[in-house]
Amino acid sequence: MSVRLSQIVGAWLVLACTFAQAFAQSDTYPDKPIRIITHSAAGGAPDVMLRIVGDRLGALLGQQIVVLNQPGAGGAVAARAAASAAPDGYTLYMPAASAFVTLAGLQPNLPLEVPRDFIPIGFIGEQPMFLTVTPEIGVSSLQEFIALAKKQPGKLSYAATGRGTMTHLTGELLKSRAGIDVLAVPYTGGAPQALNDALGGRLSMVIEGLSALSGAIQGGSMKAIAVGSPERLPDFSNLPAAAEVLSGFNARGGAALVAPVGTPDAIVNKVSAVLGKVVGETEVQKKLAATGSYVRPMSPGEVMAFIQADQQMWKPILERIAANP
């Protein structure tokens, strides 16, 4: 056998072994707990969404799902950890969909790009942002908040749970569309820390998903004045959409599930199929809806298209944030 032929045969044998190993992995996968990294602090809206879905995902896969909360640096801490994880299917990543928009623009040296660094598995759902204010500022609607902000430029403030996060994007979108000057106050501790400061009179507004705000709203310490979805939500029909006041306003968080690049296709496809079953369950949908989250099943290819559309939608606001570090 010639040297060249030996090399070709050797290459084919390596390739065949690689495929065989991948299929063997998918047959036995998972055989130990799966970790899912999130940028969200414990108790934040994305964290709540992940735990609801993760419980069922683990049940159907036959292994425990371990949630790893790694907040900080606008999602950069979680991104670095996820990108450096072994591509074996045992460490997955649930970033906010906005992370693929904002981190790449505000922190270009981070390892966060699809499909270069991550493989889409599927989409979990959307979380419209709720705009809430402290009763002490004396407003009961978005129109009144805007009017007050115009009378007191630079005096009101809102919580941004990380630079470039959806709360930050939403606040800057509000400022841009309404033509108001409101101070963004950064919080790495997530909604719980921001709510504590709001209760202490140090903040005027907290923007978050409903799950992080429901207790404060029900208890009367925060008042919801608008939701960031294009239309009113079926479960909250009495709460106006911000778009009723500011045409075209659309602010919603979204949660995708991705794996480090190099994760075998067979494993990605297996998790994707099970995730689709989970978000299709009526009970899961009810639990998510109760927290202001709504499932939106997507294939890996559809996740890519969604991210690209988000990048274009938020580009003007992202440029505004980058110009004012």
Across segment 169-181, what is the total count of residues that are open to solvent by 20 Å² or more (accessible area, probe 1.4 Å) and small (Gly, Ala, Ser)?
2
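So is Thr18 modelled with pLDDT under 65, open to solvent by 60 Å² or more (accessible area, probe 1.4 Å) and not charged (D, E, K, R) or not? Walk me through how you get there before you give the answer.
Values: modelled with pLDDT under 65: yes; open to solvent by 60 Å² or more (accessible area, probe 1.4 Å): yes; not charged (D, E, K, R): yes.
Spelling it out, Thr18 is indeed modelled with pLDDT under 65, open to solvent by 60 Å² or more (accessible area, probe 1.4 Å) and not charged (D, E, K, R).
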Under the condition of being assigned to a strand (DSSP E or B) and among the aliphatic types (A, V, I, L, M), which residue from segment 117-168 is surrounded by the fewest Cβ atoms within 10 Å (Cβ to Cβ)?
Ile119
Out of all the residues in segment 89-106, which are at pLDDT below 70 and open to solvent by 10 Å² or more (accessible area, probe 1.4 Å)?
Ala104, Gly105
When Ala86 is evaluated against the numbered criteria (1) among the hydrophobic types (A, V, I, L, M, F, W, C); (2) at pLDDT 95 or above; (3) closer than 30 Å to Leu210 by Cβ; (4) surrounded by fewer than 16 Cβ atoms within 10 Å (Cβ to Cβ), which criterion, by number, is the only one it fails?
(3)
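Please state which one of Met298, Met313 is open to solvent by 60 Å² or more (accessible area, probe 1.4 Å), aliphatic (A, V, I, L, M) and either touching a helix residue (DSSP H, G or I) at 6+ places or on another chain (Cβ under 9 Å) or outside any helix (DSSP H, G or I) (or both). I'd like the intermediate steps shown before the answer.
Numbers: Met298 fails: open to solvent by 60 Å² or more (accessible area, probe 1.4 Å).
The conditions single out Met313.
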Hits in segment 182-204 (condition: open to solvent by less than 40 Å² (accessible area, probe 1.4 Å), among the aliphatic types (A, V, I, L, M) and either touching a Phe, Trp or Tyr at 6+ places or on another chain (Cβ under 7 Å) or not in a helix (DSSP H, G or I) (or both)):
Val182, Ala184, Val185, Ala194, Leu203
Identify, from the list Leu318, Leu257, the residue that is more than 30 Å from Asp27 (Cβ to Cβ), aliphatic (A, V, I, L, M) and open to solvent by less than 40 Å² (accessible area, probe 1.4 Å).
Leu318
Residue pairs meeting the criteria (Cβ under 8 Å; at least 6 apart or on separate chains; first over 30 Å from Ala78 (Cα atoms), in segment 150-163; second part of a strand (DSSP E or B) and open to solvent by less than 80 Å² (accessible area, probe 1.4 Å)):
Leu156/Met205
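State whether the residues of segment 169-179 include one that is of a type in the set (Lys, Arg) and either within 22 Å of Arg51 (Cα to Cα) or not in a strand (DSSP E or B) (or both).
First pass over segment 169-179, keeping only residues of a type in the set (Lys, Arg): 175, 177.
Next, only the ones that are either within 22 Å of Arg51 (Cα to Cα) or not in a strand (DSSP E or B) (or both) stay: 175, 177.
Scanning segment 169-179 turns up at least one residue that is of a type in the set (Lys, Arg) and either within 22 Å of Arg51 (Cα to Cα) or not in a strand (DSSP E or B) (or both).
Examine segment 277-284 for a residue that is open to solvent by 20 Å² or more (accessible area, probe 1.4 Å), under 20 Å from Leu233 (Cβ atoms) and either among the hydrophobic types (A, V, I, L, M, F, W, C) or at pLDDT 85 or above (or both), and state whether such a residue exists.
Of the residues in segment 277-284, the ones open to solvent by 20 Å² or more (accessible area, probe 1.4 Å) are 277, 280-283.
When the remaining residues are screened for being under 20 Å from Leu233 (Cβ atoms), the result is 282-283.
Checking which are either among the hydrophobic types (A, V, I, L, M, F, W, C) or at pLDDT 85 or above (or both) leaves us with 282-283.
Looking for residues that are open to solvent by 20 Å² or more (accessible area, probe 1.4 Å), under 20 Å from Leu233 (Cβ atoms) and either among the hydrophobic types (A, V, I, L, M, F, W, C) or at pLDDT 85 or above (or both), one finds at least one in segment 277-284, hence yes.
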Here is a check on your reading of the model: is Arg252 within 29 Å of Leu106 (Cβ to Cβ), in contact (Cβ under 8 Å) with a residue 12 or more places away in the chain, in contact with a strand residue (DSSP E or B) (Cβ under 6 Å, 6 or more places away or on another chain) and surrounded by fewer than 19 Cβ atoms within 10 Å (Cβ to Cβ)?
no
Search result, residues across segment 213-247 that are under 20 Å from the mean Cα position of the chain (by Cα) and either without any contact (Cβ under 8 Å) to a residue 40 or more places away in the chain or open to solvent by 20 Å² or more (accessible area, probe 1.4 Å) (or both)
Ser214, Pro230
Can you tell me which of (1) at pLDDT below 95; (2) within 20 Å of Lys150 (Cα to Cα); (3) among the hydrophobic types (A, V, I, L, M, F, W, C) is the one Leu199 doesn't meet?
(2)
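The values are calculated or read from the model by the stated rules, or taken from the named source; none is laboratory data. All values reported here derive from a predicted model rather than from experimental measurement. No Cβ is skipped: glycine too gets one built from the backbone with ideal geometry, and neighbour counts run over all protein chains shown. Just so you know, the surface numbers come from the protein's heavy atoms only, side chains and all, with ligands and any DNA or RNA stripped out. Shrake-Rupley method; radii C 1.70, N 1.55, O 1.52, S 1.80 Å.
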